[in-house]
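Let me begin by presenting the structure, written as structure tokens, before commenting on it.
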Amino acid sequence: MATRASRWAARLLGWAGLMTLLLAAAPAPAADVSNDDCLACHSDKSLTTKRGVRTVSLFVDGKRFSGSVHSALSCTSCHADLEGKDLPHATPLARVECGTCHSDEQKQHSHSLHGKAIARGDPLAPHCVDCHGNHDILPVKDKNSAVAPLKVPFVCGRCHREGTPVQANRKIEQHNILENYSESIHGEALFKKGLVVAANCVSCHTPHNILPHTDPNSSINRRNIAATCTKCHAQIEEVHRKTIRGTLWEKEAHVLPACVDCHQPHKVRNVFYTQGMADADCMRCHSDQHLKASDGRNLFVQVTDVAGSRHAKVACSQCHSEVNASRVRPCETITHPVDCGRCHEEVAQQYQRSKHGQLLAASDSNAPTCRECHGTHHVLGKHDPQSVTFPTNVPNLCGRCHREGKKAALRYTGDQHEIIPHYNESIHGKGLLKSGLTVTATCTNCHTAHMVLPRSDPQSTVNPKNLPATCGVCHHGIQEQFVESVHSATVTKTDKELPVCNDCHTAHSIRRTDEAGFKLEIMDKCGRCHEEIAKTYFDTYHGKVSRLGYTKTAKCYDCHGAHDIQRVTDPRSHLSRANVVATCQKCHANATRRFAGYLTHATHHDPKKYPFLFWTFWGMTTLLLSTFVLGGLHTLLWLPKALEMRRELRAEEAREEAEASGLARGQGDPAGEDGNHAH
Amino acid sequence: MPTDLELHTLETQPLQPALERRRAPRPEREFVRFTRLQRALHACMIVSFLSLATTGLTLKFSYTGWAVLLSRLLGGFQTAGYIHRTAAVLMFGVFSTHLYNLYQLKKSEYKSWWALLFGPNTMLPTRQDLRQFLATMKWFLGRGPRPQYGRWTYWEKFDYFAVFWGIAIIGSTGLTLWFPVFFTRILPGQFLNVATIIHSDEALLATGFIFTVHFFNTHLRPEKFPMDTTVFTGHMPLAELKRDKPLEYEALVASGKLEAQLEEPQPEIVVRTIRAFAWIALSIGFSTVVWIIYAMLFAYR
């Protein structure tokens, strides 16, 4: 309060004084405005003005100004619009034109993308003051200068770092620029080693002539980049002699790789490319077929392997990065195996989270590393039919370990067996191997290539929670139906385990659903949870003929739907009152509502639910039992009498026979033959 | 009994007991018990009944491995279904032919339904049947002599009407199940469930009864063992007629119609073919009984 009051008092006094002057010596000729005149007001630290909604301080530190590179100039040299004006002056003042003196820089800046942004009226575009400051500008060579080498990355970084409006709202193709730079070899040299000659932003981008890399005049355009880098790396052709054949680099920049093709703009690392090892240097030894390591490994490298691989353009030393060119045997400094993650960072991260990576971290001898699947020098892309990672080869690739009896199968304790043969016979396997459909799901489509996790892991793509989404990548329409169905966890909230794709379709032996095998097994699959209802299905006609192997009769899904199953009380259900007749009509054309009253899950064992069936059954059973009991009794009682009759008949027969033979003896042979014949 | 003596004079050789018929020289002439049509109908009935029973039971006992195997042997469930329905049509044919035959019989021999239905040879149960049943029970229990049976014994009449009852019940429910869409225009859908139970249980009763009681009554009775071929050949040895149907025999002799009903025996080849057929039918029947017992006792659900 006190300051405000005093400010008002000062102003009132000022105005009063001014009025007195004006009245006393009306239109006084404007005298040259001295710096002190300006500072009379602007040395007040509380002097502010409103620009838009912002309150801007108008304080000028006279002391710092007098120490600045512009100390010899008067205020009006820059604030030219105050030249000959009365004081106090009206606000606002025109923007200071640095170009009046610094015309070259001003010209470059106005052609640069920053200058063009200003011309467009981009509020984020930087003016001179945004980098250089205003009243306290120091010579560039001064280490306290706002644009001293050590400060440049932060000056640029004010706008060009993550989270700023520029990075977020303007089209900037690079990310984490400041962060990457500070970790790069240039950034480390500058910040950690304090080498002020190390390249900073302006070394490559120029201070004022900043142009997009697509601009042919840009210092970072492909054609110019070599020149830009060689400003410092003068002898760089020597190091790269094998790849770029000397001066070709600058002469034929359009055919040769630019520096940034290998050394990413802001991520330039020293560890990657130690002293530019050339492949031929390696091959001096490694072309020998009998080259052996001390532990007996063959160290021969077939040069055509690499030449025909995905890494044809990658030098040995880019992978075998610990080589040291200053040694006679540059490779003797190698202590670690090749780390593919240096380039394939994302994949390596996935791998580390995977079961394979976990095993490796636990130093398990069975753990597969990159090379187990991808090979070493002859790495081919997954789109190359010759590649072991080409879809048709993937089952065999995984089968190397996951086939029955192999190392992964031996340590596996789950319920999946004969995985590879089952897969090969499955609809996916047949699609892939017999029909040659390379878009068919292979191992990696479901299990992922690098983040393979066991089913029990919640992160796993084959975890029951994630499985519908995994299958839904290809079977999207099915997934859409399924997530709406009663079996979906999003619909039914229960502690019980809900079925997912593999519970009905199995994991590896997935069949066509129009095959007899699938049709006849589905009831048992549904019956695993719906035990009672499946049992009663088998008590009725549909179930009975299914048991006999008839596939055309109604199965669970014919009535309930396959993936869009709803409770029968749900209006969307195929069995709701509105839909049931149409559902029956799928097989029984002309079926009526009465027809739909047939009980497809009826049982005669339930007197409460189906009394009429229960009593019909027991009525019939009583009829049966009583008939059989009466018939059986009749028969049993008859049996002894019938046996008696048989005995009597036999006796009579014997008697007659005796008579006959007696007769025969009297008559002659023919009758005797008859008698023998009878026995 | 003079008639008996008279008859003996008709024969050139002494009568042989039924058991020895096969091996002994056959008697010259035999009593004709069944007409050609009746024999044909019985044969058709056997074919149709066995087909219906085996195909139908595969469905009833579909939960047994046997049913699955049999269904497959019959050419799969669909073929079994065709066989079942074809056999059913045959059965309806047999039934209606018999009814038509009765009508013709009435016209040619009996002149009136009354004579046919209430004459001495009627198939309808009579008071005499009741008396004979009671007398038979006494005989079974050793309290009296074997009754003198006529042309149709009471158990034969029972078998005959069992077919009527069976065709009415099994046939009607079977048609309902054959044409469910048509019948549910009138009947509620749940009637199909009821019809299923009635159809299958009644069929179980029919097969069970035929393959046990009927088989015993006519074929397995020790004095006829292993089979009685009368219904196939139509011929019955005269001695057997005298022993088993004394009342009919006496009536025939008394009316003098016996001579008219005697015929040369069937040729050897015919008899042999008939025996083969009968053996097959009997074996299928017995196997079915074993299967039913197995399914009911050991695999029932």
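The values are calculated or read from the model by the stated rules, or taken from the named source; none is laboratory data. Remember, it's a predicted structure, so these values are computed and weren't measured experimentally. Note that each Cβ is placed from the backbone with ideal geometry, even for glycine, and that neighbours are counted across all protein chains shown.
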> Inside the stretch A:494-505, can you point out the residues that are at pLDDT 90 or above and either surrounded by fewer than 19 Cβ atoms within 10 Å (Cβ to Cβ) or more than 15 Å from residue A:558 (Cα to Cα) (or both)?
Replying inline: A:498, A:499, A:500, A:501, A:502, A:503, A:505
> What about residue A:83, is it acidic (Asp, Glu) and closer than 20 Å to residue A:146 by Cα?
Replying inline: no
> Considering the stretch A:94-109 alone, what residues qualify as being part of a loop (DSSP other than H, G, I, E, B) and exposed (fewer than 15 other Cβ atoms within 10 Å of the Cβ)?
Replying inline: A:94, A:95, A:101
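Identify, from the list A:228, A:214, the residue that is under 29 Å from residue A:118 (Cα atoms) and within 36 Å of the chain's Cα centre (by Cα). Explain how you work it out, then say what you get.
Details: A:228 fails: within 36 Å of the chain's Cα centre (by Cα).
So the residue among A:228, A:214 that is under 29 Å from residue A:118 (Cα atoms) and within 36 Å of the chain's Cα centre (by Cα) is A:214.
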> When the stretch A:155-184 is examined, which residues are found to be of a type in the set (Lys, Arg), modelled with pLDDT of 85 or more and in contact with a Leu (Cβ under 9 Å, 6 or more places away or on another chain)?
Replying inline: none
> Residues of the stretch A:635-652 being of a type outside the set (D, E, K, R) and at the interface with another protein chain (Cβ under 7 Å from one of its Cβ atoms), which ones?
Replying inline: A:635, A:637, A:638, A:642, A:643, A:645, A:649
>> Restricting to the stretch A:280-323, name every residue that is loosely packed, with under 13 Cβ neighbours inside 10 Å and either of a type in the set (S, T, N, Q) or assigned by TED's automatic domain parsing to the domain that holds residue A:386 (or both).
In response: A:289, A:294, A:298, A:304
> How many residues does the stretch A:488-500 contain that are of a type outside the set (A, V, I, L, M) and in contact with a His (Cβ under 8 Å, 6 or more places away or on another chain)?
Replying inline: 1
> What is the one condition in (1) in contact with an Asp or Glu (Cβ under 9 Å, 6 or more places away or on another chain); (2) in the same structural domain as residue A:189 (by TED's automatic domain parsing); (3) in contact (Cβ under 8 Å) with a residue 40 or more places away in the chain that residue A:168 does not satisfy?
Replying inline: (3)
>> Quick test of your reading of the structure: residue A:553 fulfils all but one of (1) closer than 29 Å to residue B:81 by Cα; (2) in a loop (DSSP other than H, G, I, E, B); (3) more than 9 Å from chain B (Cβ to nearest Cβ); (4) under 44 Å from the mean Cα position of the chain (by Cα). Name the failing condition by number.
In response: (3)
> In the stretch A:64-82, what residues are of a type in the set (S, T, N, Q), surrounded by fewer than 16 Cβ atoms within 10 Å (Cβ to Cβ) and closer than 16 Å to residue A:101 by Cβ?
Replying inline: A:71, A:77
> Tell me, which residue of the stretch B:181-204 that is more than 18 Å from residue B:53 (Cβ to Cβ) and surrounded by 22 or more Cβ atoms within 10 Å (Cβ to Cβ) is farthest from the chain's Cα centre (by Cα)?
Replying inline: B:184
>> For a quick check of your reading: which helices (runs of 4 or more DSSP H) sit entirely within the stretch B:60-119 and have at least 3 residues that are among the β-branched types (Val, Ile, Thr) and out of contact with any strand residue (DSSP E or B) (no Cβ under 8 Å at 6 or more places or on another chain)?
In response: B:76-105
> Is it the case that the stretch A:607-630 has a residue that's more than 7 Å from chain B (Cβ to nearest Cβ), touching a residue at least 60 places away in the same chain (Cβ under 8 Å) and closer than 17 Å to residue B:199 by Cβ?
Replying inline: no
> What number of residues within the stretch A:398-423 are out of contact with any helix residue (DSSP H, G or I) (no Cβ under 6 Å at 6 or more places or on another chain) and in a helix (DSSP H, G or I)?
Replying inline: 5
> Name the helices (runs of 4 or more DSSP H) wholly within the stretch A:238-308 that hold at least 2 residues that are under 21 Å from residue A:321 (Cβ atoms) and modelled with pLDDT of 75 or more?
Replying inline: A:279-286, A:303-307
>> Here's a check for you: in the stretch B:95-133, which residue that is of a type in the set (D, E, K, R) and over 21 Å from the mean Cα position of the chain (by Cα) is surrounded by the fewest Cβ atoms within 10 Å (Cβ to Cβ)?
In response: B:127
>> Looking only at the stretch B:211-231, count every residue that is of a type outside the set (A, V, I, L, M, F, W, C) and under 23 Å from residue B:268 (Cα atoms) and tell me the total.
In response: 8
>> I want to confirm something. Restricting to the stretch A:564-588 and keeping residues that are surrounded by 15 or more Cβ atoms within 10 Å (Cβ to Cβ) and under 30 Å from residue B:68 (Cα atoms), which single residue is nearest to the other protein chains (Cβ to nearest Cβ)?
In response: A:588
> Has the stretch B:241-258 got at least one residue that is part of a helix (DSSP H, G or I), of a type in the set (Val, Ile, Thr) and under 21 Å from the mean Cα position of the chain (by Cα)?
Replying inline: no
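Taking the condition assigned to a helix (DSSP H, G or I) and modelled with pLDDT under 90, does residue B:276 pass?
No: the conditions fail for residue B:276.
Okay, residues lined up against (1) surrounded by fewer than 18 Cβ atoms within 10 Å (Cβ to Cβ); (2) without any contact (Cβ under 8 Å) to a residue 40 or more places away in the chain; (3) under 29 Å from residue B:299 (Cβ atoms); (4) within 14 Å of chain A (Cβ to nearest Cβ):
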position: B:31; (1), (2), (3), (4): no, no, no, no
position: B:42; (1), (2), (3), (4): yes, no, no, no
position: B:49; (1), (2), (3), (4): no, no, yes, no
position: B:55; (1), (2), (3), (4): no, yes, yes, yes
position: B:58; (1), (2), (3), (4): no, yes, yes, yes
position: B:64; (1), (2), (3), (4): no, no, yes, yes
position: B:68; (1), (2), (3), (4): yes, yes, yes, yes
> Going through the stretch B:161-191 one residue at a time, which ones are more than 22 Å from residue B:124 (Cβ to Cβ) and more than 12 Å from every other protein chain (Cβ to nearest Cβ)?
Replying inline: B:172, B:174, B:175
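Results for (1) surrounded by 15 or more Cβ atoms within 10 Å (Cβ to Cβ); (2) within 27 Å of residue A:98 (Cβ to Cβ); (3) modelled with pLDDT under 90; (4) in contact with a strand residue (DSSP E or B) (Cβ under 8 Å, 6 or more places away or on another chain), shown as yes or no for each residue.
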| position | (1), (2), (3), (4) |
| --- | --- |
| A:135 | yes, yes, yes, no |
| A:142 | no, yes, yes, no |
| A:186 | yes, no, yes, no |
| A:189 | yes, no, yes, no |
| A:192 | no, no, yes, no |
| A:195 | no, no, yes, no |
| A:220 | yes, yes, yes, no |
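Is the stretch A:433-444 home to any residue that is of a type in the set (D, E, K, R), farther than 28 Å from residue A:309 by Cβ and part of a loop (DSSP other than H, G, I, E, B)? Outline the logic, then answer.
Going through the stretch A:433-444, the residues of a type in the set (D, E, K, R) turn out to be A:434.
Subset that is farther than 28 Å from residue A:309 by Cβ: A:434.
Add one more test, that the residue is part of a loop (DSSP other than H, G, I, E, B), and what stays is none.
Within the stretch A:433-444 (the criterion being of a type in the set (D, E, K, R), farther than 28 Å from residue A:309 by Cβ and part of a loop (DSSP other than H, G, I, E, B)), the answer is no, since none of the residues qualifies.
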>> Here are the criteria: (1) closer than 30 Å to residue A:545 by Cα; (2) more than 15 Å from the chain's Cα centre (by Cα); (3) buried (at least 16 other Cβ atoms within 10 Å of the Cβ). Tell me which single one residue B:167 does not satisfy.
In response: (2)
